[in-house]
1. With θ set to phi - 60°, apply the Karplus curve 6.51 cos²θ - 1.76 cosθ + 1.60 along segment 266-280 and write out the HN-Hα couplings as whole Hz, x wherever there is a Gly or Pro.
2. Roughly how many nanometres apart are two label points built 7 Å out from the Cα toward the Cβ at residue 517 and residue 274?
3. Distance cut-off 19 Å, Cα to Cα: go down the list 29/191; 281/309; 293/354; 263/354 and report the pairs above it.
4. List the residues of segment 615-629 whose backbone N lies under 20 Å from a point placed 7 Å from the Cα of residue 651 along the Cα-to-Cβ direction.
5. Points 7 angstrom from Cα along the Cβ direction at residue 51 and residue 252: gap in nanometres?
6. Of the heavy-atom accessible surface of segment 305-366 (probe 1.4 angstrom), what whole percent is carbon and sulfur?
7. Return the inverse of the average 1/r over all pairs of distinct C-alpha atoms in segment 252-321, which is the Kirkwood hydrodynamic radius, in Å to one decimal.
8. Suppose R0 equals 35 Å. What FRET efficiency, 1/(1 + (r/R0)^6) with r the Cβ-Cβ distance, do residue 605 and residue 466 give to the nearest 0.05?
Amino acid sequence: MLDAGSGISNLSGVGEAAARELKKIGVEKIRDLLFYFPFRYDDFSRTVPIADLKIGENANIIGQIELINARRSPRRRAHITEALIRDKTGSLRAVWFNQPFIARQFSAGDTISIAGKASEDYGGMAMLSPFYEKAGAVIHSRDKIAEKKPSEGTHPYFHTRGLVPVYHLSGKLNQKRLRSLIGRVIYLAEKIPDWVPPEARGKKYLSLPEAIRLIHFPRNQKDAASAKKRLAFQELFLVQLRSQMARREMDLSLSHRLKFYEKETREFVFGLPFRLTDAQKKAAWEILRDLEKERPMARLLTGDVGSGKTIVAAIAILNAVLNGKQAVIMAPTEILAKQHFETFGKLFSGMDIKIGLVTSSEKKMNYESPARNEPRECGVHCGRIINNAADFDKTGGRKKKKPITHDSLFIIHNSQVIVGTHALIQENLHFNNLALAIIDEQHRFGVEQRKTLIEKATAMGIEKKFAPHFLSMTATPIPRSLALALYGELDVSIINEMPKGRKKVLTRVIPEEKREAAYEFIRKKAKEGRQVFVICPLIDPSDKLGVKSVKEEFEKLNQLVFPDLKVGLLHGRLKPREKDKVMEGFSSGKIKVLVSTSVVEVGIDIPNATVMMIEGADRFGLAQIHQFRGRVGRGREESFCFLFTDSAAEKTLARLKAVETESDGFKLARMDLELRGPGEVYGIAQKGFPELKIASLFDYELTREAKAAAEKIMRIDPSLSRWPLLKREIGEWEKSTHME
Ligand code: ADP
Ligand code: MG
């Protein structure tokens, strides 16, 4: 007997090869199949007489096959299958490429149902590569739905009528295969227990089994919308519940009171090469006020890319250190962690502050004095501490260099400021004197990771837990009210002002015929000494880090387009050593053009880079493009952002055009949602919120309801012990919201 927990290979027809393909998209059990939601639907709800077909419109046709045959095209060596299909009103040609088996599945006289876009065909009508299935074939899962609620709109078609689900695919899987598999097991959705307690759900939302069934196979838009609503609700409900639980925990904790060292802080700020903006001052002030309290700070610092959050963090760190305590800052990528390490090294130069770096490739370290703040490496595996005044003897002379390798534990115990990546929480590390924990680009971390970092520093006192002050920073554009609704446990500071003198980045969608001109422009800029980013999207989803596409682009640019310029390549699979080399080459100006995956999206700060070129821009969310764009326009030079796309669809172009005129990240995120329309299950690619796959940041009403529901649950039983399913789900969910 199959159940949701059965392995996928228990399904007949799923052999080893298929199981491997499914595993690539994270499907190992039947349950995973049920939870593999479509991201949109093809709308074939119009079944049209052939005579009424209009060119360019999606439609379903049901007719009889008059003729069908497969042949090889002489020149292109492709298989071509052609069928002439007739209904009462007319006839139409259907053409498929390289699927010779279709001709074996059908014969003249069969009734066939096809769906696709009609095109002109020598004066007649045709459909190229339409979806197809035998008409009248009985497909049990559709029947299941029909059994449940026999209403208009139900029909035994799977691939060609109604709203047909479209899934993210990878490798050799195809839509039809995946859809059929899900169709075969959809009846098991019935047995998925609903973990949202009835107290929270009320009568307003579908049950989980119903939502699962309808998200895959809705009879109409209304079905799809209610299923989506229920699934979005449960995501928001979990966020809210988690957030309220965290708040409760914090209310039970104590923290170090950190005195505000006013004089030293002023000196530090005056020593900067720029003046702080008013918004930066205000945010820093709010943070410093929090640090003085006995209750741990829990604050979210938001500000658009380039608004200068790092320096605000530095002010808080400085005060923690002056209080004789440690501060830690965790960043989502190694590149960013290293950049922070260097930045803090420079900011705190001349002060007696030890800064350590912990990343997974630097488990060991080199205890080495940097005379001019230059961290030194001692081989592939080394962590670093810089600014270590202990390396100087009393007379100011330099002690004999003695490189010692140490592990991360040593770094943690011997640095006052610790910069690192996930390595900080993956290791069996504990901080002993930590008073301030900061997470940069917090949206790139899962809830569980944020929690772990805090727990690493949490000690049990006699009565209360001892927790560090906690600051998380993000450039996710989000208005205050929404931030509060989503992260109820956090106070919010917003930097809503850019440093003076920032120029707008001139942004253009570049049509293909102007590509050469754009390259010429880039060459000119490079010759003037400027630098360029080229971002490539991830094309094959099984190639999670986008290595394949970025390599191809690199080869092209390096050999064909810019043989005269130094081109660099950056992606997540490079060895840390190689990554460093590339980043160093780029920041020193040696590399002129950096071809990269989206790893540069977060945080990277290279003021001399003035051109951002984005390939396949339609594959990114507008807010994400805005983040990329934030990598340029940081210096005094005029900066440019060029968007390329293969898509000629008007809708896509209109969406991208929005980035040309709008420079507010939040407005862009909202526009993205509106322009893509409600037909999609997944809203904008909400990179910013790993917790939210279906719910949108702009679902104010739903957010409010989820919040009320979570409050109700917390009122009834904050330990959740009366809802074991919910308790388990909270645990599972925390695990699953880990990024990467
Ligand atoms: P983000 O908020 O995106 O993390 P950063 O902290 O990286 O931004 O700052 C972006 C750049 O702006 C850095 O080069 C930083 O030195 C600079 N910067 C920060 N604050 C100011 C300011 N008040 N005036 C001028 N430049 C500033
Ligand atoms: Mg930053």
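The values are calculated or read from the model by the stated rules, or taken from the named source; none is laboratory data. As the structure is a prediction and not an experimental result, all values here were calculated from the model. Glycine also receives a Cβ, built like all others from the backbone with ideal geometry; neighbour counts cover every protein chain displayed. Side chains included, ligands, DNA and RNA excluded: accessible areas come from the protein's heavy atoms. Shrake-Rupley method; radii C 1.70, N 1.55, O 1.52, S 1.80 Å.
1. So the J values, rounded to whole Hz, are 4, 4, 4, 5, 5, x, 6, x, 9, 8, 5, 6, 4, 5, 5.
2. Calculated label separation equals 3.3 nm.
3. Details: 29/191 14 Å; 281/309 11 Å; 293/354 26 Å; 263/354 21 Å.
Checking Cα-Cα distances, 293/354; 263/354 exceed 19 Å.
4. Within reach of a label on residue 651, which here means backbone N under 20 Å from a point 7 Å along Cα→Cβ, segment 615-629 contributes 616-625.
5. So the label points at residue 51 and residue 252 sit 7.5 nm apart.
6. Working: 720 of 1470 Å².
Here carbon and sulfur together make up 49 percent of the probe-accessible area.
7. Values: mean 1/r = 0.0784 Å⁻¹.
Kirkwood hydrodynamic radius for segment 252-321: 12.8 Å.
8. Working: r = 34 Å, r/R0 = 0.98.
For R0 = 35 Å, the calculated efficiency reads 0.50.
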